[in-house]
1. Examine region 114-125 for a residue that is within 20 Å of Ala182 (Cβ to Cβ), in contact with a His (Cβ under 7 Å, 6 or more places away or on another chain) and touching a residue at least 24 places away in the same chain (Cβ under 8 Å), and state whether such a residue exists.
2. Can you tell me which residue within region 191-220, out of those that are aliphatic (A, V, I, L, M) and assigned to a loop (DSSP other than H, G, I, E, B), is nearest to Gly64 (Cα to Cα)?
3. Show the residue pairs that are 6+ apart or on different chains and have beta-carbon atoms under 8 Å apart, the first residue being within region 65-76 and in contact (Cβ under 8 Å) with a residue 12 or more places away in the chain and charged (D, E, K, R), the second being crowded, with 18+ Cβ neighbours inside 10 Å and outside any loop (DSSP other than H, G, I, E, B).
4. Provide a single number: the residues in region 17-39 that are at pLDDT 95 or above and of a type in the set (S, T, N, Q).
5. So is Leu82 in a strand (DSSP E or B) and either in contact with a Cys (Cβ under 9 Å, 6 or more places away or on another chain) or more than 26 Å from Asp134 (Cβ to Cβ) (or both) or not?
6. What is the one condition in (1) in contact (Cβ under 8 Å) with a residue 60 or more places away in the chain; (2) under 22 Å from Val167 (Cβ atoms) that Gly96 does not satisfy?
7. Can you tell me which residue among Leu59, Leu69, Leu74, Leu27 is surrounded by fewer than 20 Cβ atoms within 10 Å (Cβ to Cβ), within 19 Å of Ile205 (Cα to Cα), of a type in the set (A, V, I, L, M) and out of contact with any Ser or Thr (no Cβ under 7 Å at 6 or more places or on another chain)?
8. Only one residue in Pro194, Pro135, Pro154 is of a type outside the set (Val, Ile, Thr) and at pLDDT 95 or above. Which one?
Amino acid sequence: MNHRNFYGRIKGKSLNAAQVRYLEEDLPKLSVAGITFEENPERNLLDIRELAGGRKIWLEVGFGGGEHLVHQALQNPDVQFLGVEPYVNGVAMLLGKMRDAGVSNIKLHMGDARNLMDVLPEDSISKAFLLYPDPWPKLRHHRRRFVTPEHLIPLNKCLETGAEFRVATDIEDYVRQTLKEAPKAGFEWLALGPEDWCRPWGDWISTRYEIKALRENRTPHYMTFRKL
């Protein structure tokens with residue numbers, strides 16, 4: 001997290017013994033080297049061929065508990081997934097799900113997504129997901145949201161032309177900000193009618209954040225963008 005302001009939780013409640021073991025045994029093998037400032041102070045670009053082995057790369061920013069990431073990895077075994085999450089508890093949950101499902105096509109960065117985007121080559125990512133991101137509901141905190149130029153412009157640079165960028169949120173003001181900022185950063189909204197943002201994608205799996213939103217009577221929105 002060095003050299004940048006980072007907002008948000010890094011760790012929550014205490015981890016159980018199994019989660020500690022996952023972090024100790026699995027995370028070092030799955031973590032992508034050369035992302036942090038300590039490892040890569042010159043911000044040299046990652047070797048995508050080494051990272052992906054010739055496969056397409058799909059990126060999920062802030063994967064939470066990892067439900068969607070594991071689901072997509074199982075459905076797309078020919079894709080190399082890259083998950084980014086600064087929250088230790090979420091990473092531990094994902095590692096447990098990966099063990100249970102026998103998933104082997106996910107690599108991780110436990111840290112700030114901006115540091116990753118610094119070192120991803122241009123046009124290296126084929127699809128990206130931003131699902132139920134931290135809403136930062138207070139007006140003075142809206143600049144901390146992911147859907148700001150600070151994040152969207154570097155993300156656009158990393159994506160291939162024509163790549164799909166999916167955003168899901170249950171916060172109406174987050175929807176408005178996304179629809180305002182994404183086109184400025186070079187993304188085209190693909191909706192043709194209400195069903196295109198009211199219904200989930202065909203390969204969707206509901207996450208714990210969506211279940212909570214529905215329980216609290218908030219309406220999910222599903223937005224699909226394309227890099228111009």
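1. Checked against the condition, which is being within 20 Å of Ala182 (Cβ to Cβ), in contact with a His (Cβ under 7 Å, 6 or more places away or on another chain) and touching a residue at least 24 places away in the same chain (Cβ under 8 Å), region 114-125 yields at least one hit.
2. Across region 191-220, the extreme among qualifying residues is Ile205.
3. Glu67/Lys97
4. The total comes to 1.
5. No; evaluated as a whole, the condition is false for this residue.
6. For Gly96, the exception is condition (2).
7. Matching residue, one of Leu59, Leu69, Leu74, Leu27: Leu74.
8. The match here is Pro154.
The values are calculated or read from the model by the stated rules, or taken from the named source; none is laboratory data. Keep in mind that this is a model prediction, so the values were computed, not measured. Neighbour counts are summed over all protein chains in view; Cβ atoms, including those assigned to glycine, are modelled from backbone coordinates with ideal geometry.
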